[in-house]
Amino acid sequence: MTIEIRPESTNQFREVEALVREAFWNVYTPGCTEHYLLHVMRRSPNFVCELSLVVLEDKAIVGQIAFTRAWIACDDGQNRQVLTLGPLSVHPAHQRKGIGKSLIDRACAKACDMGFAAVLLCGDPLYYARAGFEPAQKHGVRTQDDQFMDALQIRALAIEMLSACAGRYFVDPIFDVDEAAAQRFDQEFEAKIKIQGTAS
Ligand SMILES: CC(C)(COP(=O)(O)OP(=O)(O)OC[C@H]1O[C@@H](n2cnc3c(N)ncnc32)[C@H](O)[C@@H]1OP(=O)(O)O)[C@@H](O)C(=O)NCCC(=O)NCCS
């Protein structure tokens, strides 16, 4: 199957946010805030617009991926710039067709060409191991508050990065989502029912 991946354009912003909402809704929490996260992320100086990609099928957007710059304060005293992956969304009706993995691979190849050394994220290791990620702990990468975390994973784009990345990983402050602002933003979209006690 050929997957049509394109850079996101400004006139697609709201359609992409609606897709993110559709993909994340009731998956990790009742409702979701990832569409708001993407909305504020685009205004951050750390947002990497060149790596914001969408997947089109019959002119509709069915997948998206976005990245922000982040840093590892390395144990050797250096600050190394890396990328944070997310959000990554595939419309529920189009999942399990390889769209998510294709988006990750295409964006990582572009990030490598742009000179980025590694991509990190917090996500399900079972999914991301299939997309080239390894536990960050294996390479000594810890959270900002100096903890190892099972969900924290890394994909090196420059192989030398793995022997030099031990340290504390800092993400853009926009990841501290303002829940009240996210709820207000959500009211701009079609009403949806929130389910309490979702599996994940
Ligand atoms: C996660 C997501 C982006 C995957 O997109 P996708 O296009 O379905 O992924 P792919 O087709 O590349 O890979 C699908 C495979 O990964 C598996 N997979 C998907 N999510 C998984 C998860 N959380 N844990 C383990 N495996 C997972 C599927 O079972 C499938 O494997 P199979 O075909 O052998 O059954 C999509 O499910 C999604 O948008 N989910 C909601 C939002 C989300 O969780 N985003 C990621 C946040 S970190």
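Some points to look at:
- Residues that are assigned to a loop (DSSP other than H, G, I, E, B), out of contact with any helix residue (DSSP H, G or I) (no Cβ under 7 Å at 6 or more places or on another chain), surrounded by 13 or more Cβ atoms within 10 Å (Cβ to Cβ) and not basic (Lys, Arg), drawn from segment 159-194: 164, 171, 172, 178
- Residues that are touching a residue at least 12 places away in the same chain (Cβ under 8 Å) and either outside any helix (DSSP H, G or I) or among the aliphatic types (A, V, I, L, M) (or both), drawn from segment 33-51: 33, 37, 38, 40, 41, 42, 44, 46, 47, 48, 51
Quick grid of which residues meet (1) within 12 Å of the ligand (Cβ to nearest atom); (2) in a strand (DSSP E or B); (3) free of Cβ contacts under 8 Å to residues at least 12 places away in the same chain:
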position	(1), (2), (3)
67	no, yes, no
83	no, yes, no
97	yes, no, no
115	no, no, yes
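- Residue list for segment 70-95, restricted to those being over 18 Å from residue 123 (Cα atoms) and among the polar types (S, T, N, Q): 78, 79, 81
- Qualifying positions in segment 119-130 - assigned to a helix (DSSP H, G or I) and more than 7 Å from the ligand (Cβ to nearest atom): 125, 128, 129
- If only residues of segment 25-46 that are within 14 Å of the chain's Cα centre (by Cα) and crowded, with 19+ Cβ neighbours inside 10 Å are counted, the one that is farthest from the ligand (Cβ to nearest atom) is 39.
- Candidates in segment 131-147 are the residues that are touching a helix residue (DSSP H, G or I) at 6+ places or on another chain (Cβ under 8 Å) and assigned to a strand (DSSP E or B); of these, the one that is surrounded by the most Cβ atoms within 10 Å (Cβ to Cβ) is 142.
Any read-out appearing in this document is the output of simple, stated calculations on the displayed coordinates, not a laboratory observation. Computed from a prediction, not measured in an experiment: that's the story for all the values here. Don't worry about glycine lacking a Cβ; one is built from the backbone with ideal geometry, like all the others, and counts go over all protein chains shown.
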